[in-house]
Structure formats: structure tokens, C-alpha cells
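What follows is a short report on a single structure.
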């Protein structure tokens, strides 16, 4: 148990590294793969999933923030601001999960994951509209197929995560009760 | 939940977001960004190399089918060319021009900066790639980017200190003045249409443009030399009553197969002035 608590102390550095890895994968690995893989955006999906299924939304927020930083570092247009977009959408997903849709059934989790992608697209379209109105040129929006692929991918990821989460939830609960509660924040 | 702990993390994330937003205004952002680029660029290079090689493996079967299809198409074209002696002369001229273009780097006043592709934008119509060279390497917006054989890939559209975006020839916002190898001067503008498609517009009605004609850069832009091969004419469209003709261009460069590019820099723009 001491080892678990000791590992817990490394959670934030671990999350930062994971966020960086997700960002690098999204910027420099996935775009090189053939269709439909090159259209996937994994950073937001994983962050949202961590926020929805995690014990605390903070891990997911940290993941969203760090992956957003890396994506923005390699983007020459700062209009879309992944560093703000990802944490805010993750927070919205958390609010949806806690207040409106439960994350305790498979269909609702899939709905949440798809909602995250729709929120992301809505954010980009809103910024595109603002940019077109006030600055004369919009941002580059992804094609409909890419958005659809991301929704499907999010649904699959949500389903897979749901089964894994349900399988190990009992173990997590047991460990967390045995461990010092504040260690899992 | 430990409220004190969670408040600290939320404050940290919020502070980080605000810092990222306001650093550009304070002018400190390029230095910090550059430091992060130095740390992350090697990882990006490795990731892009792995992605690229994986792409080649995954598409090997599809590539064979595509090669077979293209081979048949080329055979048809060769047969058509063999029947036409005028086309034969054009091919001779084209051959001479291509040879000249292969060595254009030595002959022209341009030198080159090699760059590796580290990112791509594939799902939008404004097709672009990110390369691992930036303003500190002497790159400037508008510079021409070519593939190893001298094929025109696109132009630098945005710059940071250590990275740059190359707007591809087929991107929706791409515009390049073009001419034909045997002709003189500009005959039209190659416009990107997205989805790896480009077209040659504003071709005067009196200008003769035939299928399979090689289209090259006109050299009327300051940082784009002339005679860089762009693509072959696939179809010529337009009625005789229209003021201009339009030709669909088949780009010669296959961006999916590329890892390395060359950015052309006029010798006069070298940092040492030589």
C-alpha cells in the first residue's frame, strides 16, 4: 500500500508526460497514417474519458491542458487555442456526466464521448464564424467525414473504456478504501 | 476530494491558460516556445518518421494496385504519343527542359535548406505540412519548397522560429503563377482545389494547352524560381466564347511519399550575404 501511495505522488509528472505524448502523437504521428487514421484526434477523447471516468476531474484537466500546449506549440494558427479548448470541453463533459447524463451505462457514456466531439466541432465553428465576421478570414475546419470518424472513434473508445472500467471498478474501490482517501485526489 | 489540492491544480491550469494567452502580447512567447521546440522537435521527428514508415507499410497493397492502374493509364498515353510526331517533338523538348530543371540548383541563383516534415493537415481543404525549419534557419514566407527531384511542392505560408508551415500546391488557398516549358512567360495561375487537386486558370483563349503538357512555375514571384515542374495537364475545359480556359492539373509530386523537402532560398538572402 505504501508503494501505491508513493506512486500516487508521481501522478502529476506522469500526467504531464502522458499529455505531451498524446500531443506529439496527434501532431506528428497520426497525420502520417493513411485514411481514416490520419483524421483521428486522440488527445481530447482521452482527456474527456479521464475526466468522465476518473475519481477527480483534475487528472483529465491536466491531461487536456498539457496535450493542448503541445498541439498549440506546433500549430501556426493560435485561433483555435487547444490549450483553452481542451480543458473547457473536458469540464463541460464532466458537468454533463455528473448533472445530466450518467456515465454508469454504456449508451450514456458513448453519448458523452460523441458529445465531446460535437462540442469541439461547435467551438471551432463558433470561432470560424467570429473570425470570418471580424477578421475577414476563417479558420480551417475539418471536413464532415473527419468529424464523423472522430465521433465513431470516440464511441469505440468509450465502449472499450466502459468495459475495462466496469471490470476494475470494484478493485479500485477496494484499494481506495484501504488506502488513505486523500491519496486518490 | 481535497479542496485545497484541487483549488491549487485548477489555479495552476487557469494560470497556465492565461499565461499562454498573454505571453504573445508581452513578446516573451517566441523564446519560451523556441525552448519547448528544442526539447520536443527530436521526439516529433522520430514520431513522424515512424508514422511515415507505417503509412508506407499499410499502403503497400493499395500502392501496388494504384501503380498497376497508373501503369495502364501511362501505356495508353504512350501509345497516343507514339502516333503523333508533333507530340514526339514536344516530348523531346520536355525532356530537354526536365534535364535542365534537374540541375537548376547549380545553375540558378538559389541554394536550398533541407527540411523534414514533422506534421500534416490532411482533413481540411487548405492542405499544409509543418517542417522542422523556421525563421532562424533563414526561411521566409513565400519561399518555394521542392521535393528532391526539383518538383514544386508549395510555398512557406507561416513561420515560427524553429518550425514553418508549407501551403501545398493543391491547398485551397494556394496560388502560383505558371507557364509551359516550351512557352515563354506566364500563361495562367495554378489554383489549389483541395483533395490533392489543382487547376490552371486564366489561360487566354489563344494559348494552346494540350493534354499531358508539362506545367511549370513562371518565375514571376519574387521567391519562386521559374521552371519548377508543377504537374501535367489532364483535361482542358472551357467554351470558345469564354474569355479564359481552365485546365485540370495532375500534380507530379506525391506528398504522402515524402519525408524530406528542400526550401529554396535566393543566394542573395543567405545570412552571410555570399
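Within region B:164-188, which residues are touching a residue at least 24 places away in the same chain (Cβ under 8 Å) and under 18 Å from residue B:126 (Cα atoms)?
B:164, B:165, B:166, B:167, B:168, B:169, B:170, B:171, B:172, B:173, B:174, B:176
Could you tell me which numbered condition residue A:104 fails, if it satisfies all but one of (1) closer than 28 Å to residue B:43 by Cβ; (2) outside any helix (DSSP H, G or I)?
(1)
Could you tell me whether residue B:230 is closer than 29 Å to residue B:119 by Cβ, crowded, with 16+ Cβ neighbours inside 10 Å and touching a residue at least 12 places away in the same chain (Cβ under 8 Å)?
yes
Hey, can you tell me all the residues within region A:126-139 that are within 13 Å of another protein chain (Cβ to nearest Cβ) and outside any loop (DSSP other than H, G, I, E, B)?
Across region A:126-139, the qualifying residue is only A:128.
Looking only at region B:48-65, how many residues end up being more than 20 Å from the chain's Cα centre (by Cα) and at the interface with chain A (Cβ under 8 Å from one of its Cβ atoms)?
5
Can you work out which of the residues in region B:26-46 that are free of Cβ contacts under 8 Å to residues at least 24 places away in the same chain and facing another protein chain (nearest Cβ under 8 Å) is farthest from the chain's Cα centre (by Cα)?
Across region B:26-46, the extreme among qualifying residues is B:36.
Against the condition closer than 14 Å to residue B:169 by Cβ, at pLDDT below 85 and surrounded by fewer than 18 Cβ atoms within 10 Å (Cβ to Cβ), how does residue B:194 come out, does it pass?
Yes, satisfied.
Tally up the residues in region A:140-156 that are closer than 22 Å to residue B:193 by Cα, in contact with a helix residue (DSSP H, G or I) (Cβ under 8 Å, 6 or more places away or on another chain) and either more than 9 Å from chain B (Cβ to nearest Cβ) or assigned to a helix (DSSP H, G or I) (or both), please.
3
Kindly indicate which of B:70, B:56, B:77 is modelled with pLDDT of 65 or more, more than 23 Å from residue B:217 (Cβ to Cβ) and exposed (fewer than 13 other Cβ atoms within 10 Å of the Cβ).
Checking each option against the conditions leaves just B:70.
Count, please, the residues in region A:1-30 that happen to be touching a helix residue (DSSP H, G or I) at 6+ places or on another chain (Cβ under 8 Å) and at pLDDT 85 or above.
Result for region A:1-30: 14.
Would you please name the residue that is modelled with the highest pLDDT, looking only at residues in region A:46-77 that are within 7 Å of chain B (Cβ to nearest Cβ) and not in a helix (DSSP H, G or I)?
A:74
The values are calculated or read from the model by the stated rules, or taken from the named source; none is laboratory data. Quick caveat: nothing in here was measured; it's all calculated off a predicted structure. A quick note on method: Cβ atoms are made from the backbone with ideal geometry, for glycine too, and the neighbour counts reach across all protein chains shown.
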